[in-house]
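Novice: Have a look at this one.
The values are calculated or read from the model by the stated rules, or taken from the named source; none is laboratory data. Computed from a predicted structure; not experimentally measured. Quick reminder, even Gly has a Cβ in these numbers, built from the backbone with ideal geometry, and neighbours come from all protein chains shown.
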Amino acid sequence: MTNQMAMNAPGHTRIPDIIRRMAEVSGIGFSGERPWDIKINDHMFYDSVMRDGSLGLGETYMLGHWDCDRLDEFFTRVLRVDLDKQILSLTPFKSLMEYLRHKLTNLQSISRSNQVALAHYDVGADVFRAMLDPTMSYSCGYWANARTLDEAQIAKLDLVCRKLELKAGDRLLDIGCGWGGLAAYAAERYGAQVTGVTVSREQYAYAQHRYAHLPVNFLLMDYRCLDGEFDKIASVGMFEHVGQKNYRHFLDKINALLEPDGLALLHTIGTHESVRHTDTWIDRYIFPNGRIPTAREIMNVLSDDFIIEDWHNFGQDYDRTLMIWSERFDAAWPGLSSKYDERFYRMWHYYLMSCAAFFRSRQGQLWQLVLSKRERSCGYRSVR
């Protein structure tokens with residue numbers, strides 16, 4: 001059915017002109033036959049999107065007001081033509097309020113730092129166990145020579161260790177250690193003495209129990225409260241929760257903790273263009289207070305104390321990682337559905353598919369930076 005036919009169908013509420021024009025620009029149809037076309041189940045969809053923009057789009061999907069066979073392809077088409085920016089224009093006042101909230105408030109202060117853990121990372125280890133590989137790595141795999149998710153995540157962990165020139169006896173700090181996969185790998189395979197830091201109680205309890213036999217010290221605390229000196233520092237998938245107001249403090253903290261000849265690795269999602277605020281649906285339901293940095297923002301806070309030894313982008317690998325996470329989550333859903341409702345399923349599916357599209361459309365990147373202090377006495381050779 002064409003867009004025009006759908007608009008004239010019996011009982012159909014006329015599609016608002018601005019939504020129709022947006023759909024035409026992105027090549028998305030209403031009630032069409034293509035897998036990225038959307039099917040409207042409740043015409044409240046239009047009012048919600050017009051009133052709440054991106055938040056309304058996500059919430060109406062969670063409520064079952066619309067469906068799409070391939071959400072990843074739907075979002076890829078939306079993001080390739082920067083339709084997300086036009087959606088912001090639907091709610092100018094709310095967008096301004098969100099901008100001011102991010103501008104005027106330190107949303108990632110120490111007192112707020114556990115909010116994302118409570119909302120997302122502590123949602124239930126069973127969901128993550130079902131979705132992730134055995135190391136419980138909740139960040140982009142490295143697919144250069146990998147065939148499976150397990151291989152891609154081990155390759156990523158090993159890549160981090162090799163980039164850090166990790167060796168036996170090195171004191172490694174893992175900032176935002178998650179469920180402890182990197183810490184355990186570095187201790188087992190490289191003989192490092194590892195300290196892992198997380199603000200998630202679920203992650204802390206899991207890592208403490210699973211890796212009790214290894215020389216790894218897991219701490220439930222904010223990175224800003226750390227003291228000590230380390231030969232190597234890694235932060236994998238945590239910088240997105242630091243916040244622009246805290247970027248300089250974060251790097252100053254690394255500088256204070258890193259010994260003069262040491263190396264630090266920063267693994268973070270990045271984007272090509274600064275945004276006024278985080279997507280409102282992602283902010284409310286997935287990563288409260290999160291913010292994805294741009295290359296310029298990172299460069300602006302890299303003080304004279306650091307040299308960028310390497311900047312590696314493998315953002316396309318995140319698309320593949322997310323799609324496999326989605327497949328594994330779907331396969332595990334029959335066993336999870338007694339604990340989590342349909343709304344949770346649709347929320348999680350929407351999250352994974354929209355994020356896959358973020359990287360497929362090349363709005364999103366995945367960066368690994370290797371940093372050294374200026375006083376480092378030896379050079380550095382990049383690792384791939």
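Novice: Restricting the range 161-209 to residues that are of a type in the set (Lys, Arg) and not in a helix (DSSP H, G or I), which is farthest from Val242 (Cα to Cα)?
Specialist: Lys167
Novice: Also, I was wondering about something else. Consider Gly335 carefully, then state whether it is surrounded by fewer than 19 Cβ atoms within 10 Å (Cβ to Cβ) and at pLDDT below 95.
Specialist: In short, no.
Novice: Out of the residues in the range 183-202 that are of a type in the set (Gly, Ala, Ser) and touching a helix residue (DSSP H, G or I) at 6+ places or on another chain (Cβ under 6 Å), which is surrounded by the most Cβ atoms within 10 Å (Cβ to Cβ)?
Specialist: Gly196
Per-residue answers, yes or no, for (1) surrounded by fewer than 17 Cβ atoms within 10 Å (Cβ to Cβ); (2) under 28 Å from Ile308 (Cα atoms); (3) not acidic (Asp, Glu):
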residue	(1), (2), (3)
His209	yes, no, yes
Phe230	no, yes, yes
Ile233	no, yes, yes
Val242	no, yes, yes
Leu251	no, yes, yes
Asn255	yes, yes, yes
Leu258	no, yes, yes
Asp261	yes, yes, no
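Novice: I'd like to know if the range 6-29 contains one or more residues that are modelled with pLDDT of 85 or more, surrounded by fewer than 18 Cβ atoms within 10 Å (Cβ to Cβ) and over 26 Å from Ser274 (Cβ atoms).
Specialist: Scanning the range 6-29, I find at least one residue that is modelled with pLDDT of 85 or more, surrounded by fewer than 18 Cβ atoms within 10 Å (Cβ to Cβ) and over 26 Å from Ser274 (Cβ atoms), so the answer is yes.
Novice: Ala256 - would you say it is farther than 22 Å from Leu302 by Cβ and at pLDDT 95 or above?
Specialist: Spelling it out, it is not the case that Ala256 is farther than 22 Å from Leu302 by Cβ and at pLDDT 95 or above.
Novice: Given (1) closer than 22 Å to Tyr121 by Cβ; (2) more than 24 Å from the chain's Cα centre (by Cα), identify the lone condition not met by Gly270.
Specialist: (2)
Novice: So Ser54 fits all but one of (1) at pLDDT 90 or above; (2) surrounded by fewer than 18 Cβ atoms within 10 Å (Cβ to Cβ); what number is the exception?
Specialist: (2)
Novice: Can we say Lys39 is modelled with pLDDT under 90, at negative phi and either outside any helix (DSSP H, G or I) or within 26 Å of the chain's Cα centre (by Cα) (or both)?
Specialist: Criteria not met by Lys39.
Novice: Here's a follow-up. At pLDDT below 95, touching a His at 6+ places or on another chain (Cβ under 8 Å), assigned by TED's automatic domain parsing to the domain that holds Ile154 and surrounded by fewer than 17 Cβ atoms within 10 Å (Cβ to Cβ), is that true of Arg296?
Specialist: no
Novice: I'd like the full set of residues that are among the basic types (Lys, Arg) and outside any loop (DSSP other than H, G, I, E, B), limited to the range 119-151.
Specialist: Arg129
Novice: Can you tell me which condition His267 does not meet? The list is (1) buried (at least 21 other Cβ atoms within 10 Å of the Cβ); (2) in contact with a helix residue (DSSP H, G or I) (Cβ under 6 Å, 6 or more places away or on another chain); (3) not charged (D, E, K, R), and all the others hold.
Specialist: Every listed condition holds for His267 apart from (2).
Novice: If you check Val383 against the conditions, is it hydrophobic (A, V, I, L, M, F, W, C) and in a loop (DSSP other than H, G, I, E, B)?
Specialist: The answer is yes for Val383.
Novice: Being part of a helix (DSSP H, G or I), within 20 Å of Phe128 (Cα to Cα) and either of a type in the set (Phe, Trp, Tyr) or at pLDDT below 95 (or both), is that true of even one residue in the range 241-248?
Specialist: Checked against the condition, which is being part of a helix (DSSP H, G or I), within 20 Å of Phe128 (Cα to Cα) and either of a type in the set (Phe, Trp, Tyr) or at pLDDT below 95 (or both), the range 241-248 yields at least one hit.
Novice: Can you find, within the range 350-384, the residue that is farthest from Leu265 (Cα to Cα) among those that are hydrophobic (A, V, I, L, M, F, W, C) and surrounded by fewer than 18 Cβ atoms within 10 Å (Cβ to Cβ)?
Specialist: Cys378
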